[in-house]
Amino acid sequence: MSAPANLPLRQRRIDIFFAIVFAAFTVTSLISDLLPTVGVNFSHPSGNFFVNSNYWYAHDTDVLFMHPPDWMRIVTGLSAFVYMPFYVVLVVCLLLGKNWIQLFAVIYATMIVTLTGIVVFGVEFFGDPATRTGNPAKFLAFNLPYVLVPLILLIRMRKPLPFTRRF
């Protein structure tokens, strides 16, 4: 007995949504997470677009990101060097309906929800007052999608052969 056929992409609109979002996550991993990982100082405005973008976000919102301890540089390093290439593969698999990505998507989503959703958010909201966010609304606006979208992806990938169904 053969496996059911994948639905065409036009019938899997959630996968189009995911492909767009994860393509954007690829860019943001490169722009934002690479800089603190490699030690670029963005604690003051700069003429460099990437440095200035990170400064604009972090100066009133995310001291932990602006002055990352070693453990936070590991988290941003995972994003820059592990998640970013994964996003490229994930986008291709979403668009082409490659069911083998399911296990890797579940592993990724579990990792990101744990690291970002529990560890980083925990420190930003409940940790040492010196590392707490100074602007919770801005922090959540920028960071909540990185937890919610992988959580929805985890739900999407809950059953075998995810591309044979709409959701």
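The values are calculated or read from the model by the stated rules, or taken from the named source; none is laboratory data. Quick caveat: nothing in here was measured; it's all calculated off a predicted structure. No Cβ is skipped: glycine too gets one built from the backbone with ideal geometry, and neighbour counts run over all protein chains shown.
Restricting the first member to the stretch 94-115 and to residues that are closer than 22 Å to Arg73 by Cβ, and the second to residues that are assigned to a helix (DSSP H, G or I), the beta-carbon pairs closer than 6 Å and six or more apart or on different chains are Tyr108/Phe86; Ile112/Pro150; Val113/Val147; Val113/Pro150; Val113/Leu151; Leu115/Val75. Number of residues in the stretch 132-161 that are surrounded by 18 or more Cβ atoms within 10 Å (Cβ to Cβ) and over 17 Å from Asn54 (Cβ atoms) equals 6.
What is the residue count in the stretch 145-164 for residues that are more than 12 Å from Val113 (Cβ to Cβ) and assigned to a helix (DSSP H, G or I)? Summing the residues that are more than 12 Å from Val113 (Cβ to Cβ) and assigned to a helix (DSSP H, G or I) in the stretch 145-164 gives 5.
Taking the criterion of being over 11 Å from Asn143 (Cβ atoms) and touching a helix residue (DSSP H, G or I) at 6+ places or on another chain (Cβ under 8 Å), the residues of the stretch 113-124 that qualify are Val113, Leu115, Val119, Val123. When we screen Tyr87, Tyr57 for residues that are in contact with a helix residue (DSSP H, G or I) (Cβ under 8 Å, 6 or more places away or on another chain), over 21 Å from Ser43 (Cβ atoms), at pLDDT 95 or above and not aliphatic (A, V, I, L, M), the only hit is Tyr87. Among the residues examined, Tyr83 does not qualify as touching a residue at least 12 places away in the same chain (Cβ under 8 Å), closer than 30 Å to Pro4 by Cβ and aromatic (Phe, Trp, Tyr). Checking Phe81, Phe42 one by one, the residue that is crowded, with 18+ Cβ neighbours inside 10 Å and at pLDDT 95 or above is Phe42 and no other.
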